[in-house]
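Scroll down for the structure; my scribbles are underneath it.
Throughout, read-outs are computed from the coordinates displayed, never taken from laboratory work. For clarity, every value in this text was computed on a predicted model and none was experimentally measured. Counting neighbours? That spans all protein chains shown, and the Cβs are built from the backbone with ideal geometry, glycine included.
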Amino acid sequence: MTASDSNEQASALACLQAKTPFLWINPGHENGDGGDRGSEASNQAQPGAADIRQAEQRLQRFAPLLAQLFPELAASGGVIESELIAVPHLQQALLGEGSAALAGRLWIKGDYALPIAGSIKARGGIHEVLEFAERLATEQGILSLQSDYRQLAEPQARGLFGNYTVAVGSTGNLGLSIGVIASALGFKAVVHMSADAKEWKKDRLRKRGVQVVEHPGDYEKAVEAGRNEAQADPYSYFVDDEHSLSLFLGYAVAASRLQRQLQQKGIVVDAQHPLFVYLPCGVGGAPAGVSFGLKQVFGTHVHCFFAEPVASPCVLLRMLYPDRPGISVYDIGLDNHTDADGLAVPVASELAVAAMRPLLSGVFTVEDDALFRHLYQLQVCEGIKIEPSAAAGFSGPQMLLQSKSGRAYLEQNLLAPLMAQATHLLWTTGGLFVPEPEYAGFVARGKQLMEAKV
Ligand SMILES: *Cc1c(COP(=O)(O)O)cnc(C)c1O
């Protein structure tokens, strides 16, 4: 490490410890494409484009079954996808009148409304449970790639699945996703919830027959408890949010779908038209999976930034200390207390960090107050309902355009002259099922903060 690297590291650490929101640029960013970097990236094989295609094909095979199990998927033929939404009023509110001439156009990706789970977890979580079900049924000789997968709703397959438990540890949303799909297929489902998990998320699961185990500790503790319990039982399958490749690949499928949506709207992404994507980040799996997929599709033309709460910047911290696997936000004196319950994670996923080290442009941190202001602004400007975690990316464009580190990134990558043609995409990751009274409280808090600011 050079002297200037270690200065950068020290000043980033100071910002983290002071809980000052800032944008950290990844010095390991190669501004290359995802590539199939299997051999190059240590001895642990990295996933590649072929793996993402397999996940896509798996979701396609299951689509008729999903359409049958979930009436809300009938219209899409069993495909779980969200919209790409223009947000001109939000753009004006966040970046100012006439900002398009300077900054390009702002859009949101509407994963807040993903069916079944109501969050981005519908992508990864459902894929992993389907993969497990497919493997079991294939091993038992009741399914082949040519089968009509709707037979998995018949008694023979359900009887098989009923012998198994699918377990997961979660701050809430992953539990919702896994619990709902697992119980719909006939598995027993157990969700280990951390102390941050909201009551309504637990209630929603219990109503579907999912066993909810409450843990007094944080997310990492809930995952560990679930993992240990599942390990002792050969009929238990544990969805491991800290290590799972299947989750990661399920998230990555979002990229080719986004590519089609951009094309349909006539939005060009190329050397003259950069795409900037801002993704809320907890353990890192979801934003890393999506970014990995985006890099495969758009290569150097896409720039991915993660957003973390100032109290829980586990991925930024781990990126900052490449030789400290397992480093936790507690180790630097932070408390991991945030209203962004989906992002309240103390230790990053090693899988996510390894995949992102050469690909990620940067990470920025966000105060809780900003989440509520942005949640409120999105409601007022566009009539869209999200949860606080899902607003974490909203300070991204400003961070990039106005901070010193952001401007340096644009200069160094020769992007500054292209900004009028840029596309900025805020990935809104959850909110559909937030109960109205709870949501009204979020909006009221955001309104109060906005009024206090003026
Ligand atoms: C889980 C979650 C994220 C982040 O995903 P990770 O895989 O934990 O990084 C972001 N937003 C919401 C609403 C989530 O539930």
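Subtract the Cα-Cα distance of Ala195 and Glu214 from 0.36 nm times their separation in residues, and report this length gain in nm to one decimal.
Taking Ala195 through Glu214 to full extension adds about 6.1 nm, to one decimal.
If we sort 427-434, 364-371, 442-449, 307-314 on the protection proxy, mean other Cβ atoms within 10 Å, highest first, what's the order?
The densest-packed peptide leads the list: 307-314, 427-434, 364-371, 442-449.
Tell me the Kirkwood radius of the range 105-236: reciprocal of the mean inverse pair distance over distinct alpha-carbon atoms, in Å.
Result for the range 105-236 stands at 15.4 Å.
Just going by the charge dipole of the chain, with Lys and Arg at +1 and Asp and Glu at -1 on Cβ, which of Ile80, Gly159, Leu418 is farthest out on the positive end?
Value: Ile80.
Efficiency by 1/(1 + (r/R0)^6): what FRET value for Asn413 and Thr138, r their Cβ-Cβ distance, R0 = 45 Å, to the nearest 0.05?
Once the sixth-power term is evaluated, E becomes 0.50.
With charges set only on the Cβ (+1 for Lys and Arg, -1 for Asp and Glu), what does the dipole of the chain come to about its Cα centre, in debye to the nearest 20?
860 debye
If we sort 107-116, 132-141 on the protection proxy, mean other Cβ atoms within 10 Å, highest first, what's the order?
107-116, 132-141
Determine the sum of side-chain charges near Tyr330: Lys and Arg each +1, Asp and Glu each -1, restricted to other residues whose C-beta is under 11 angstrom from that of Tyr330.
Computed value for this residue: -4.
Relative to the first principal axis of the alpha-carbon coordinates of the chain, what is the inclination of helix 49-69, with its axis defined by its Cα atoms, in degrees from 0 to 90 and to the nearest 10?
60 degrees
Peptides 379-390, 326-337, 193-204, 343-354: what's the order by average Cβ count within 10 Å, highest mean first?
343-354, 379-390, 193-204, 326-337
Just to verify a number: FRET efficiency for Ala452 and Asn228, C-beta to C-beta distance, R0 = 56 Å, to 0.05?
0.75
Cα centroids of the range 59-83 and the range 260-282: how far apart, whole angstrom?
Centre-to-centre distance over Cα atoms comes out at 25 Å.
Indicate, rounded to the nearest 5 percent, the antiparallel portion of the DSSP beta bridges found entirely in the chain.
Bridges in the chain are about 20 percent antiparallel.
Using the alpha-carbon atoms, what tilt in degrees (0 to 90, nearest 10) does helix 121-139 show relative to the longest principal axis of the chain?
30 degrees
What is the helix-to-structure angle for 368-382, meaning the angle in degrees between its Cα long axis and the longest Cα principal axis of the chain, kept from 0 to 90 and rounded to the nearest 10?
With both axes taken from Cα atoms, the answer is about 80 degrees.
Given the chain reduced to its alpha-carbon atoms as identical point scatterers, what log10 I(q)/I(0) does the Debye formula return at q = 0.07, 0.11 Å⁻¹?
For the chain at q = 0.07, 0.11 Å⁻¹, log10 I(q)/I(0) is -0.32, -0.83.
Treating only the Cβ atoms of Lys and Arg (+1) and Asp and Glu (-1) as charged, compute the dipole magnitude of the range 281-393 about its Cα centre; round to the nearest 20 debye.
In total the dipole reaches around 480 debye.
Within the range 213-316, which trypsin sites (Lys or Arg not before Pro) sit in a loop by DSSP and count at most 16 neighbouring Cβ atoms inside 10 Å?
When the trypsin sites (Lys or Arg not before Pro) of the range 213-316 are filtered for loop state and at most 16 Cβ neighbours within 10 Å, Lys265 remain.
Taking just the C-alpha trace of the range 82-159, give me its Rg and Dmax in Å.
When restricted to Cα atoms, the range 82-159 yields Rg and Dmax of 21.2, 62 Å.
Going down the list Lys207/Lys385; Lys198/Lys221; Lys109/Lys265; Lys109/Lys404; Lys121/Lys201, which pairs span over 19 Å between their C-alpha atoms?
With Cα atoms farther than 19 Å apart: Lys207/Lys385; Lys109/Lys404.
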